[in-house]
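The structure appears below as structure tokens.
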Amino acid sequence: MYVSKVEVFKARIKLRRPFRIALGEHTVVEDYIVRIETKDGLVGYGEASPSKAILGDDLTSALETLKLLAKRLIGIDPTGYERWRDLLRGKDLSSSARAALDIALSDLIAKHYGVPLYKLLGDAKTKIETDYTIGIKSPEEASKEAAELARKGFRIIKVKLGEGKEADIQRVRSVREAVGPKVRIRVDANQGWDFETAREIIREIAKYDIELVEQPLKHYDLKGLAKLKRLSPIPIMLDESVHTAEDAIYAIRMDAADVINIKLMKSGGLWEAVRIAHVAEAADIPCMVGCMSEAEVGIIAGIHFACGLSNVVFADLDADLMMTEHVVSANTLDVPYRVPPSEPGLGFNEDQVNYDILEKVLEVK
Ligand SMILES: [Mg+2]
């Protein structure tokens, strides 16, 4: 099996409602779907969801990376991960673009062997419970949305914070009052607090039975995060601080993390994500699989990753659920669980891809 063609399609999908976090707001998702074809007719898919604020890339730089790397992949055999992984590395490359290619090649490996991707990755479980994220909004709107989600069957809600002490505490209180004691609540400040604010907010919201506090401080402030972890009654999860296995080792050495949030877009794909999960496991640190603004291709890859590895015990795989259109029609939601398709690879075929909403922007062969 060798790669004969790489195509890139641009997707532009409206969100059902505007999504605001401490780093910015968006109403539309724009990203890339990658399609890799092999000489013997297998097709693999990947997705790149760039983010200036978190990944340092954007649509332009991601496409440049895709162009450069697509050329390197023509003629390679996807089944030898250890032989192609270095081809996807290089200075200043977009990590979402690298992730898209890594996911598509991994889809091909699993299709070649005729197994669903999660079995290839370790076959730890067959489903994972996801949370559903509520963006930054007024306490009234947040509690209304939380009650609606709980009615739909979601049992874990992630509340975005990071816009000021009083408003943050009030949002958490309103959401807890709206959903009652049984729903699990996690919060994510997206680096929006300084140390003192974080300490005070955490002390206050601990009353509302909060499961995790995600990225309370700036991504580079590992010292502050370590100090906060020692003081905090709520476990601290790192997201923006950890992109790679090397970052995970640093965070572990600094004793700055109770939990690590792995995202395929940050790690540059599945195989680096596996390394992070393993490094964390060796340090007794459980992981979450999260997502950027991926549509179904990236989310399905995240589901396979979570189900492949026993150390991925939390999931925040909800971005596709917030979109008005679907790149892939595949049933992967059994509220509150995400379930990987059972067909080989990522588990969907060409007919399930909605090319009507995709615009081809690159072809390399
Ligand atoms: Mg986060």
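The values are calculated or read from the model by the stated rules, or taken from the named source; none is laboratory data. Treat the numbers as computed from the prediction; the structure is a model and nothing was measured. Please note: Cβ atoms are built from the backbone with ideal geometry, for glycine as well, and neighbour counts cover all protein chains shown. Keep in mind that these areas ignore ligands, DNA and RNA; they rest on the heavy atoms of the full protein, side chains included. Shrake-Rupley method; radii C 1.70, N 1.55, O 1.52, S 1.80 Å.
Descriptive notes on the structure:
- Condition met for residue 137 (open to solvent by less than 40 Å² (accessible area, probe 1.4 Å), away from the ligand (no atom under 16 Å from the Cβ) and not in a helix (DSSP H, G or I)): yes
- Of the residues making up the range 314-333, none is farther than 21 Å from residue 46 by Cα and either open to solvent by less than 10 Å² (accessible area, probe 1.4 Å) or not in a strand (DSSP E or B) (or both).
- Answer from 18, 78 - the residue that is crowded, with 16+ Cβ neighbours inside 10 Å and touching a residue at least 40 places away in the same chain (Cβ under 8 Å): 78
- The range 140-159: number of residues that are open to solvent by 20 Å² or more (accessible area, probe 1.4 Å) and either under 21 Å from residue 193 (Cβ atoms) or not hydroxyl-bearing (Ser, Thr, Tyr) (or both): 10
- Sole residue being in contact with a Phe, Trp or Tyr (Cβ under 7 Å, 6 or more places away or on another chain) and assigned to a loop (DSSP other than H, G, I, E, B), chosen from 216, 233: 216
- Residue count for the range 88-110, restricted to those that are assigned to a helix (DSSP H, G or I) and open to solvent by less than 40 Å² (accessible area, probe 1.4 Å): 16
- Flag if residue 66 is within 16 Å of the ligand (Cβ to nearest atom), surrounded by 13 or more Cβ atoms within 10 Å (Cβ to Cβ), within 18 Å of residue 270 (Cβ to Cβ) and not small (Gly, Ala, Ser): no
- Residue within the range 235-252 that is open to solvent by 10 Å² or more (accessible area, probe 1.4 Å), modelled with pLDDT of 95 or more, within 16 Å of the ligand (Cβ to nearest atom) and among the aromatic types (Phe, Trp, Tyr) present: no
- Residue match in the range 116-127 (condition: assigned to a helix (DSSP H, G or I) and open to solvent by 50 Å² or more (accessible area, probe 1.4 Å)): yes
- Every listed requirement among (1) part of a helix (DSSP H, G or I); (2) within 15 Å of the ligand (Cβ to nearest atom); (3) surrounded by fewer than 20 Cβ atoms within 10 Å (Cβ to Cβ) is met by residue 198 save one, (3).
- Going through (1) of a type outside the set (Gly, Ala, Ser); (2) in a loop (DSSP other than H, G, I, E, B); (3) at pLDDT below 95 one by one, residue 85 falls short only on (2).
- Residue match in the range 74-81 (condition: in contact with a Phe, Trp or Tyr (Cβ under 8 Å, 6 or more places away or on another chain), acidic (Asp, Glu) and not assigned by TED's automatic domain parsing to the domain that holds residue 327): yes
- Failed condition for residue 162, given (1) within 14 Å of the ligand (Cβ to nearest atom); (2) crowded, with 20+ Cβ neighbours inside 10 Å; (3) at pLDDT 95 or above: (3)
- Some residue of the range 287-294 being more than 28 Å from residue 65 (Cα to Cα) and in contact (Cβ under 8 Å) with a residue 24 or more places away in the chain: yes
- Those residues of the range 259-283 which are crowded, with 17+ Cβ neighbours inside 10 Å, in contact with a helix residue (DSSP H, G or I) (Cβ under 6 Å, 6 or more places away or on another chain) and not in a helix (DSSP H, G or I), in sequence order: 260, 262, 268, 269
- So residue 359, is it assigned by TED's automatic domain parsing to the domain that holds residue 19, on the phi < 0 side of the Ramachandran plot and open to solvent by 30 Å² or more (accessible area, probe 1.4 Å): yes
- Residue check, residue 354 open to solvent by 30 Å² or more (accessible area, probe 1.4 Å) and either away from the ligand (no atom under 16 Å from the Cβ) or not aromatic (Phe, Trp, Tyr) (or both): yes
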